[in-house]
Amino acid sequence: MRMNIDDIDTPAVIIDLDKVAANLAAAQNYADQHGLALRPHVKTHKLARFAQDQIGLGAIGITAQKLGEAEDMANGGINDIFLPYNILGAAKLNRLLALHNRVKLSVTADSSAVVDGYETFFKDPGNPLAVLVECDTGAGRCGVQTREQAVTLAPQIDTAPGLTFAG
């Protein structure tokens, strides 16, 4: 039975699945035509179903902004997740470790303090956490500020037994 828009109680989330499918396909087609590996951010839709659709179309994994989003995506069957921000504090690092034991996970670090935290919790050289050096791209919000800082941080990541330098 088709519902009239005037009969919908508000607030309500209404999704045009045909438009979603067309948008997901357009993004993947663009990436494919330009030889790009697409790892879409899920902060817009926050739905594992759409993330699964994106991966089904060819995305290599997803990007989640928050640890909770990443956990939700893993619970929804997504198994390749990038968290592009620094994880600090024992409670979050314990959650990150638990997530890492379930899915392929990569994170960023922009300081020795962040790497030290990862190194404290991730000790298994057989299942290292992939860590990328986060570089400031001009917004001044986070990331190493200079090439020299990146060059200093990379070996700290690479020499930690439970971490692997990923870029």
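The values are calculated or read from the model by the stated rules, or taken from the named source; none is laboratory data. A quick note: this is a predicted structure, and the numbers were derived from the prediction, not measured. Virtual Cβ from ideal backbone geometry, glycine too; neighbours counted across all protein chains shown.
Residue 43 falls short on exactly one of the conditions (1) at pLDDT 95 or above; (2) under 12 Å from the mean Cα position of the chain (by Cα), and that condition is (1).
Can you give me the number of residues within the range 46-72 that are within 23 Å of residue 96 (Cβ to Cβ) and part of a loop (DSSP other than H, G, I, E, B)? So the answer is 8. For residue 115, state whether it is assigned to a helix (DSSP H, G or I), of a type in the set (Val, Ile, Thr) and within 24 Å of residue 74 (Cβ to Cβ). So residue 115 fits the description; yes.
Residue-level analysis places residue 150 outside the set of residues that are at pLDDT 95 or above and among the small types (Gly, Ala, Ser).
If you go through the range 3-11 one residue at a time, do you hit one that is assigned to a loop (DSSP other than H, G, I, E, B) and under 30 Å from residue 122 (Cα atoms)? Spell out the reasoning first.
Within the range 3-11, the first condition is being assigned to a loop (DSSP other than H, G, I, E, B), and the residues that meet it are 3-4, 8-11.
Restricting the remaining residues to those that are under 30 Å from residue 122 (Cα atoms) gives none.
Within the range 3-11, not a single residue is assigned to a loop (DSSP other than H, G, I, E, B) and under 30 Å from residue 122 (Cα atoms).
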